[in-house]
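Heads up, the thing below is written out as structure tokens.
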Amino acid sequence: MSDYLRDRTYSGQRGVAPAFAKMTGRPAGFGQATGGGMASGKRAAAGGQHERMSAVDTAWLRMDGPANTMMIVSVMATATPVPTADLRRVLETRLLCFPRFRKRVETDSLGASWIEDSNFDLDAHLIVTELPGQAGRRELQALAARLASQRFDPARPLWQLHFVEHYGTGSAWVLRLHHCYADGIAMIRVLLSLTEQDAGPALAGVQETESRAGRRGRRTGAADPLQLLDWVSQLTQPASDIVENVLAEGARLLETGVHKLFHPETAAAVALQARGMVGEFARVLALPDDPASPLRAPLSGEKRVAWSEPLDLHEVRTVSRALGCTVNDVLMATVAGALGAYLRAEGFDTNGVSLRASVPVNLREADEATTLGNKFGLLFVELPVGVANPLQRAYTMHDTMRDLKGSQQPPLTLTVLGLLGMLPNVVQGPVLELFSRKGSLVASNVPGPQAPLYLCGQRITQMHFWVPQSGSIGVGVSILSYAGEVFFGLIADRACIAEPAQVVERLGPEFERLLLAATVGVLGLGQRRPREIPRLRIDTLQQAPRIQHN
């Protein structure tokens, strides 16, 4: 038994059939697609449903290493206690209606499959635990860190929720999910499906019905050659489906006229897209490895977790308007400032240093928002950790993000992951390391709901969310906005950042410095080259005090 906590398995109700919840204000049909929106890859198999895993999801499954497990980790807390029996009922009716969460993974020489777990037991996935000592933030952070360092039992579905019934004045929980199940955007959607939008009676509006597979309508009309050649989106489907779709679309293409494919405008668009992807691939390969720093230390496999007090989202927006930047520019500049201050305190010279962050970018279409699986790319973003002046750092961050606008890096990285999922596993490791050497951390920025949410009638007060770090990367930064606040969290390998609290405790002061600089309007302008300051930005800064009151 761990020194940090005492676990006990909760033996609550059994045999409650999974059901769909009628959730006011949520997307229609949420969670009703069999297999988490990938129903078309299913085949009948002894002992349950058999579904081939997509190439991209397979790549994430194979990405587990000795020091990094590809799991998404979420920590949430409520203002008042949530009864364990109510939480269990919510999981049965609102989580298990996604069939994917009842399935385990089985690998073979060609990839992997989703297999119905005939021995599925919710008690193996809902673990009720008690925190030691003060049972406060430090103890919850220690629990999250320990769980983030543990691997899943491969004989069961790869997810688990550790529930702390008594945390502060309420409850808390740590949810872990392997990345092959879903990406961050999809997982946020799943988490939101567990909640309510008001503090009504627990489980109000939930009706138990047998889950039914959503039906996909047939597509009609002429085949679109560009859609046929959109092989990036095809990589998010099971491998067998790719062959089937190519054959089906090929027949439809013949019916509507092959000449469309060779139309000058179509051919030019295809050539332009291919040229852009090839050029982006060459640019990514040409990126130098990130500079040596404490964040690039050899990994130990032992995680550390910390989070800070949230920032006021209204203040962040006010600063962004005053500077002519985006909210994302301000938040990323704040992260760069905190990391730079930490590194300098550790004796590392940051003068002229930029560290590259791998930033996930959502590539889902609007009608794909409620499906599981992975459909996102990565963008390599330079963080100006060596710029001490807050205004200059914010402008540098803005210029960096502006230059990356329209980059082909996200679809390129999604394509590479899909190809790796189709190739033998031995190929994936070297390619993954080639990309991971080009960054020092993973930074995710997820816009959450701005209205308060409730779990079993209890208000959720905080949300934290970390995506995994792959290859030799050992640091992950999470930025999540919720209910008018911005929550920062840091997960790091012990060898890279032994005490992540020393980083997150600098986030608030760094933002305050930027807020003060924007309010004064002239602080540090001399440190930014005049040719880099658009006239509009200077005028906006001079008006900053008035904007503060809007």
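Values as computed for the structure displayed
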quantity: Relative exposure of MET332, MET463, MET63, judged by other C-beta atoms within 10 Å (fewest first); calculated: MET63, MET463, MET332
quantity: Placed amide H near SER149: partners under 5 Å, 5+ positions off or other chain; calculated: LYS303
quantity: Pairs of alpha carbons in the range 441-495 whose separation is greater than 12 Å (percent); calculated: 65 percent
quantity: Segments 101-112, 77-88 sorted - mean Cβ within 10 Å per residue, highest first; calculated: 77-88, 101-112
quantity: Pairwise Cα inverse-distance average, inverted: Kirkwood Rh of the range 410-505 (Å); calculated: 15.8 Å
quantity: Share of pairwise Cα separations in the range 68-197, more than 22 Å, in percent; calculated: 37 percent
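Any read-out appearing in this document is the output of simple, stated calculations on the displayed coordinates, not a laboratory observation. Given the structure is predicted, the values throughout are model-derived calculations rather than measurements. Glycine also receives a Cβ, built like all others from the backbone with ideal geometry; neighbour counts cover every protein chain displayed.
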